[in-house]
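Working notes for the structure below.
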Amino acid sequence: MWETDASHPEWAERAAAEGWEYAACTVRRGLGSPPAPRPAPPGLRCRALVGDADWQVALEVALAAHGISEPAFMTWARGQLRARVEAGEAWAFGAFVDGALVASCGLVFGAGEARFQDVGVRPDQQGRHVGSHLIHTALARLHAERPGTPAFICADRETRADRVYAAQGMALVGHTHCLVLPISPDEVA
C-alpha cells in the first residue's frame, strides 16, 4: 500500500498482468460531532455487538457485504477485532432492523486517533441509510466519550460507501493505492 494523490493506471495494468489486484481508495477523517443522519428505516436500532450470537451474525453480514466466498481471512479479522474490543482497544457496533443484525463496523483506537474497520452492510439493506446510521452512531459515541479524537476510514473511490462517509462529515485527506495478491486457503500455512 502506498499513499499519493496521483493516479497511475499503468500500475493497475502491470499488477493485473502479474496476478495482483489493484485498488484505489480515498482516506477520510472525521473530527467532531457528525451531522444529523437521514431518517432511519423503520425498526432500525444501532448498538454495541455483544455475545457470540452477535459476532457470528456480524461475520455472516461481512462475508455477504464484501462478496467473500472464502471465510478464512474474515473469520480471523473478526476474531482480532473482537479481541481488541474485549481488551478495551476498540468498539464494535451493529445495526439491527426489527431485531435482525444487518450491518456492523469496528472502531479501533490508536495513538490519539481511531479508524473504522470491517464496515459492512448486508446487500439487501444497502441504499436504505442503514450504513449512514451505523457510522453516525460510532462517530457520535467517539465524539461524546473521546472528544477531539479523529476517526479515519479508507474506502474504495467513488463508491456508495465513500459517499456515506462524506455525508457523515468525514473530510477527504488523501488517497491510497493497494496491490493485493490473491491466494487460496491452501497457500496459507
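Values in this text are rule-based calculations from the coordinates and carry no lab data. Given the structure is predicted, the values throughout are model-derived calculations rather than measurements.
Observations on the model:
- Mean separation of Cα contacts under 8 Å (6+ apart) over length of the chain, as relative contact order %: 39
- Helix 72-86 and the long axis of the chain differ in direction by around 40°, with both axes built from C-alpha atoms.
- Start at zero, step by 5 Å, and the Cα-Cα distances of region 67-108 spread as 6, 21, 20, 24, 21, 8, 0 percent across the bins.
- For log10 I(q)/I(0) by the Debye sum over Cα atoms at q = 0.08, 0.10, 0.16 Å⁻¹, calculated from these coordinates, the label among [x] -0.27, -0.42, -1.08; [y] -0.32, -0.48, -0.97; [z] -0.47, -0.57, -1.04: [x]
- Rg to Rh, two decimals, where region 9-77 supplies the alpha carbon set and Rh follows Kirkwood: 1.10
- Each part reduced to its alpha carbon centroid, region 152-178 and region 42-99 end up 21 Å apart.
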